[in-house]
Number of protein chains: 2
Amino acid sequence: MATETVENYIKALYALCRESPSGEAGVARLAQELSVTKGTATSMIKRLSLARLVKAEPYSGIALTAKGNKIALDVMRRHRVIETFLVRILKLDWADVHEEAERLEHALSPRILDRLDHFLGRPSTDPHGDPIPDAAGNVSEARSKPLAKCRARERVCIVRIKDQNRAFLKFVADSGFMPGVNLVVQSVSPQSASLVVRAARGEPVTLSQIAAAKILVKVI
Amino acid sequence: MATETVENYIKALYALCRESPSGEAGVARLAQELSVTKGTATSMIKRLSLARLVKAEPYSGIALTAKGNKIALDVMRRHRVIETFLVRILKLDWADVHEEAERLEHALSPRILDRLDHFLGRPSTDPHGDPIPDAAGNVSEARSKPLAKCRARERVCIVRIKDQNRAFLKFVADSGFMPGVNLVVQSVSPQSASLVVRAARGEPVTLSQIAAAKILVKVI
DNA sequence: CAAAAAAGTTTGACTACTCAAACTTTAATG
DNA sequence: CATTAAAGTTTGAGTAGTCAAACTTTTTTG
Ligand SMILES: [Mn+2]
Ligand SMILES: [Mn+2]
Ligand SMILES: [Mn+2]
Ligand SMILES: [Mn+2]
């Protein structure tokens, strides 16, 4: 079994590879993500490479192998099932569960994970709208686009918040926004790089492009 | 925060001190309990001593300090709340939950522990009848005696099974015995070091003194 | 009580993980 | 394209935890 540290590196690598156009991660970002020095990250990459969890050439990009990818998906599955449990059953705050799941994700056995998943009714997404991979590692991401790309008068439904930052999640929730909530885009102002949206029975809220880029929606 | 390893040592020390007449633990038993060598245990004791979690003189007994005691009770609280959750909510087998809780007990934050405890209705004992310390570290052990000490025709109620061994728990459960179950002692045979007991609507079961010593009961 | 057994300690070595700091390679930019 | 800046690597050192094996102290027991 991969150690907690290895699982954290693999999960970070997965995310970095996703968001990089080349599909490869770099040591500097990885180190930053995990709050370790570049040297530490380099030596871990060497170990992961030896264990065939990543493919990496010196001074070049890092990519997960199939084995590494499966571990990343397993950890994400545990993380998201736990978040769902914490919010739905234990009524923890939406904004707090990420940190909690960050530790618990390493302590769940396959048996407990499955029971928990079953108890929750096999949820397909977590409280933030992040898709939950199934036990085999299949992820089905719902089609969506950033709210920032929407036009005035569009009617959309929030499907996902792509930021685990507590303050941001707090702000989003306080504005009445959550996956499943319907919005109307009232106006778009490219000059001020912001847009005004309104939930079903809520006040109009102004969002910067940056904030709106982290809210994924589908047209209804 | 104490590491997972330290928590396991402290918890083992707590149990060993309980069951020793002198109230002190020894390195050999500790090492055996944790499946490490005596040398490893010795060096850990030195570290725990430096951290003021135990009091220990070379070649003499080991005792927990107040600080160490509180950690032991915290870990036991987490362990038992988790076991209760696993059995009551996730429907895991009585005999399996100990191993699972052994890992999870190190990953629960105070916040999650409290929510879980609240969700379960602040249980006072775990599925094996072990008392759950409260958040302040108070334990209230129900008055009880070993089934092995009972006389023929006594009517008793099982309050606790003092053995986490899977095979033993399996046997006990298969015999229909659990905390809360009422028993009648049908006969006691000192010669064969065994006794025959019967649950309300169950077959008579023969138990060795050794097995009966691990089943705590109260007279009804 | 002397010899053997058990309990406890020390030493040297190893893995996993980490940092600081010096160093090398690659990328960016005037 | 020469010079910085950024990215990546190496080295030396340190902590946490572990083992094997030699050693010392205490306890048992014939
Ligand atoms: Mn984590
Ligand atoms: Mn999430
Ligand atoms: Mn444990
Ligand atoms: Mn128990």
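The values are calculated or read from the model by the stated rules, or taken from the named source; none is laboratory data. Here the structure is a predicted model, which means the values were calculated and not measured. Here Cβ is always computed from backbone atoms with ideal geometry, including for glycine, and neighbour counts include all displayed protein chains. Accessible surface areas use protein heavy atoms only, side chains included; no ligands, DNA or RNA. Shrake-Rupley method; radii C 1.70, N 1.55, O 1.52, S 1.80 Å.
It is to be established whether one or more residues within the range B:196-205 are without any contact (Cβ under 8 Å) to a residue 24 or more places away in the chain, open to solvent by 20 Å² or more (accessible area, probe 1.4 Å) and hydrophobic (A, V, I, L, M, F, W, C).
yes
Please determine, by comparing only the residues of the range B:111-130 that are without any contact (Cβ under 8 Å) to a residue 24 or more places away in the chain and more than 13 Å from chain A (Cβ to nearest Cβ), which one is nearest to B:Lys162 (Cα to Cα).
For the range B:111-130, the residue satisfying everything is B:Ser124.
Answer yes or no as to whether B:Leu86 is away from ligand 3 (no atom under 14 Å from the Cβ), within 30 Å of B:Val27 (Cβ to Cβ), surrounded by 22 or more Cβ atoms within 10 Å (Cβ to Cβ) and touching a residue at least 12 places away in the same chain (Cβ under 8 Å).
no
For the range B:156-195, enumerate the residues that are β-branched (Val, Ile, Thr) and open to solvent by 40 Å² or more (accessible area, probe 1.4 Å).
As a first pass, look at the range B:156-195 and keep what is β-branched (Val, Ile, Thr): B:156, B:158-159, B:161, B:172, B:181, B:184-185, B:188.
Answer for the range B:156-195, where residues must be β-branched (Val, Ile, Thr) and open to solvent by 40 Å² or more (accessible area, probe 1.4 Å): just B:Val188.
Note down all Cβ pairs under 8 Å where the first residue falls in the range A:89-110 and is facing chain B (nearest Cβ under 9 Å) and open to solvent by less than 20 Å² (accessible area, probe 1.4 Å), the second is within 16 Å of ligand 1 (Cβ to nearest atom) and among the polar types (S, T, N, Q), and they're at least six residues apart or on different chains.
If the second residue must be within 16 Å of ligand 1 (Cβ to nearest atom) and among the polar types (S, T, N, Q), the pairs left are A:Glu100/B:Ser109.
Restricting attention to the range B:55-65, report how many residues are on the phi < 0 side of the Ramachandran plot and either over 21 Å from the mean Cα position of the chain (by Cα) or within 16 Å of ligand 1 (Cβ to nearest atom) (or both).
Going through the range B:55-65, the residues on the phi < 0 side of the Ramachandran plot turn out to be B:55-58, B:60-65.
Narrowing further to those that are either over 21 Å from the mean Cα position of the chain (by Cα) or within 16 Å of ligand 1 (Cβ to nearest atom) (or both): B:55-58, B:60-61.
Matching residues across the range B:55-65 total 6.
Need at least 2 residues that are in contact with a Ser or Thr (Cβ under 7 Å, 6 or more places away or on another chain) and within 14 Å of DNA strand D (Cβ to nearest atom) per element, so show me which helices (runs of 4 or more DSSP H) inside the range B:1-111 make the cut, counting only ones lying wholly within it.
Details: elements: B:4-19, B:27-34, B:38-50, B:66-88, B:97-104.
Hits in the range B:1-111: B:27-34.
Can you find a residue in the range A:117-134 that is surrounded by fewer than 13 Cβ atoms within 10 Å (Cβ to Cβ), among the aliphatic types (A, V, I, L, M) and in a loop (DSSP other than H, G, I, E, B)?
no
Name the single residue, out of those in the range B:68-78 being open to solvent by 10 Å² or more (accessible area, probe 1.4 Å) and either aromatic (Phe, Trp, Tyr) or in contact (Cβ under 8 Å) with a residue 40 or more places away in the chain (or both), that is farthest from the other protein chains (Cβ to nearest Cβ). Spell out the reasoning first.
Step one: list which residues in the range B:68-78 are open to solvent by 10 Å² or more (accessible area, probe 1.4 Å), which gives B:69-71, B:73-74, B:76-78.
From the residues that got through so far, the ones that are either aromatic (Phe, Trp, Tyr) or in contact (Cβ under 8 Å) with a residue 40 or more places away in the chain (or both) too are B:69-71, B:73-74, B:76-77.
Numbers: B:Asn69: 25, B:Lys70: 21, B:Ile71: 18, B:Leu73: 20, B:Asp74: 16, B:Met76: 17, B:Arg77: 17 Å.
The selected residue is B:Asn69.
Do we have B:Ala56 as aliphatic (A, V, I, L, M), away from chain A (no Cβ under 13 Å) and either touching a helix residue (DSSP H, G or I) at 6+ places or on another chain (Cβ under 8 Å) or in contact (Cβ under 8 Å) with a residue 60 or more places away in the chain (or both) here?
Judged against the criteria, B:Ala56 is a match.
List every residue pair whose Cβ atoms sit under 6 Å apart, with the two residues 6 or more apart in sequence or on different chains, where the first one lies in the range B:1-17 and is farther than 14 Å from B:Gln32 by Cα and open to solvent by 30 Å² or more (accessible area, probe 1.4 Å) and the second, anywhere, is within 16 Å of ligand 1 (Cβ to nearest atom) and outside any helix (DSSP H, G or I).
B:Glu4/B:His106
In the range B:27-79, how many residues are of a type in the set (Gly, Ala, Ser), within 16 Å of ligand 3 (Cβ to nearest atom) and within 20 Å of B:Pro133 (Cβ to Cβ)?
2
Here is a list of conditions, (1) within 14 Å of chain B (Cβ to nearest Cβ); (2) in a helix (DSSP H, G or I); (3) open to solvent by less than 60 Å² (accessible area, probe 1.4 Å), and A:Ala148 meets all of them except one; can you say which number that is?
Checking A:Ala148 against (1) within 14 Å of chain B (Cβ to nearest Cβ); (2) in a helix (DSSP H, G or I); (3) open to solvent by less than 60 Å² (accessible area, probe 1.4 Å), the one that fails is (1).
Within the range A:175-194, how many residues turn out to be assigned to a strand (DSSP E or B), under 24 Å from the mean Cα position of the chain (by Cα) and among the hydrophobic types (A, V, I, L, M, F, W, C)?
Just the residues of the range A:175-194 that are assigned to a strand (DSSP E or B), to begin with: A:182-189, A:194.
Right, trim to under 24 Å from the mean Cα position of the chain (by Cα) and you get A:182-183, A:194.
The next check asks that each one be among the hydrophobic types (A, V, I, L, M, F, W, C); those that pass are A:183.
Residues meeting the conditions: 1.
Kindly indicate whether any position in the range B:170-177 is within 15 Å of B:Arg153 (Cβ to Cβ), out of contact with any Phe, Trp or Tyr (no Cβ under 8 Å at 6 or more places or on another chain) and among the hydrophobic types (A, V, I, L, M, F, W, C). Talk me through it step by step, then tell me what you get.
Narrowing the range B:170-177 to residues within 15 Å of B:Arg153 (Cβ to Cβ): none.
Within the range B:170-177 (the criterion being within 15 Å of B:Arg153 (Cβ to Cβ), out of contact with any Phe, Trp or Tyr (no Cβ under 8 Å at 6 or more places or on another chain) and among the hydrophobic types (A, V, I, L, M, F, W, C)), the answer is no, since none of the residues qualifies.
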